[in-house]
Amino acid sequence: MAPVIATQSSILEGHLIKISTNFTNNHKIPPVTGDSQTQGNIFRAGSKCALLNTMEDAQYKFTPVQTKIYTGTKWTPLTENEILLQMDELECNNSDSSLLQNVTVLSWDVSCQEEFRPGFYNEILAVVRRILPDFCCFQNAQHDFRAWVKNCETIREHYYLSNSNLDYIDFESDAHNGLLTLSRWPGEFVEYPFIDTQVGGYLLACQTVINGVPVVAANSKHQILGRGMTIKYANDILSAHGNVIWLGNFGSEPNDSEEDMPGISSTELDTSVRDMISSYQDMEEIAEVKHSDKDKMLVRSDKMKPAHYFTLDIESSENRPGVVGVIHLK
């Protein structure tokens, strides 16, 4: 059974979302049915594995990541053909009246002291249940957070899950980034490690199709030390794709004093980073209240336009707030 997807029926108002908000993203599509003999080949030749194929001959190493769905008793990995069949089914069911008008995205660095995690994690999942973002991108998602996510009934019903191989992750080190992405759309996940950057980390990309258009939703975290190199690395990877939503923690604050690379000041680096991402629309520019230079929501597409950007106001004020964006599909 595929997760259910919806057509957003309302837009968030104001610049803060509280847990009590009544906003929902509550529309659904029929479960995928049929088999490979009866489904169309809409994505077989065109957008199939475009993210992978683009990089096959490039210098960037990548690792395919399992896409998992909850099948009633457990989280089950999908094969590539199963993912593509579900993409095909969405396209076959599309009509002008069923096309999505807006995409909602959530980004959250979920790092937290151990004693505060249960309450903090509950608040995060309460937000997900009420808003049902199309994409949820989490950074610093440790093993216990992933367990909370996998046990959440709403997530089991509505989301595809990136299933990174956590065996290689050392959660005592800052280099792992702990990236986790949830998608309400069937898609393929790929990890790109930041090789030759001296600081480790990686980009987690989800390629899917919305309204018949290939879309890449990228999730990344960049350490303050080394962010110039890793942001450039990620930007080079994503530059090959026309419709990109890039979320994450960019490790930049106006008063950072650390130097990213020898001979480059923090101010010069921030200018360099802004130049690197100048082709993107920064969703914070439409916000009424400035949040943080660390948390970025970037959009680069002629088919998508930022509509709203909000900071999440939750009870655990000591922890990092999340950010939500609404993107209008043209």
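Every read-out reported here was derived from the displayed coordinates using simple, explicitly stated rules and does not represent laboratory data. Keep in mind that this is a model prediction, so the values were computed, not measured. With ideal geometry, Cβ positions are generated from the backbone for all residues, glycine too; neighbour counts draw on all protein chains shown.
Gain in length, residue 279 to residue 74, computed as 0.36 nm per residue apart minus the alpha-carbon separation, to one decimal in nm? Could you put the intermediate results ahead of the total?
Working: separation 205, 0.36 × 205 = 73.80 nm, distance 4.11 nm.
That works out to 69.7 nm of additional length.
Using the Cα gyration tensor of the stretch 179-236, with a ≥ b ≥ c the square roots of its eigenvalues, what is the shape: rounded (a/c below 1.5), prolate (a/b larger than b/c) or oblate (neither)?
Values: a/c = 2.94, a/b = 2.41, b/c = 1.22.
Verdict is prolate for the stretch 179-236.
Given the pairs 150/221; 221/330; 68/305; 61/150; 74/296, which span a C-alpha to C-alpha distance of over 26 angstrom in this model?
On the way: 150/221 22 Å; 221/330 29 Å; 68/305 29 Å; 61/150 28 Å; 74/296 33 Å.
Over 26 Å Cα-Cα: 221/330; 68/305; 61/150; 74/296.
Taking 7 Å along the Cα-to-C-beta vector as the label spot, tell me the residue 123-residue 239 distance in nanometres, rounded to one decimal.
Roughly 4.0 nm, to one decimal.
For the pair residue 66/residue 286, report the inter-label distance in nm, with labels modelled 7 Å from Cα in the Cβ direction.
3.7
Considering amide H positions built from the backbone, and no H for Pro or chain starts, which residues 5 or more places from residue 297, or on another chain, come under 5 Å of its amide H?
For residue 297, whose amide H was placed from the backbone, the distant partners under 5 Å are 283, 284.
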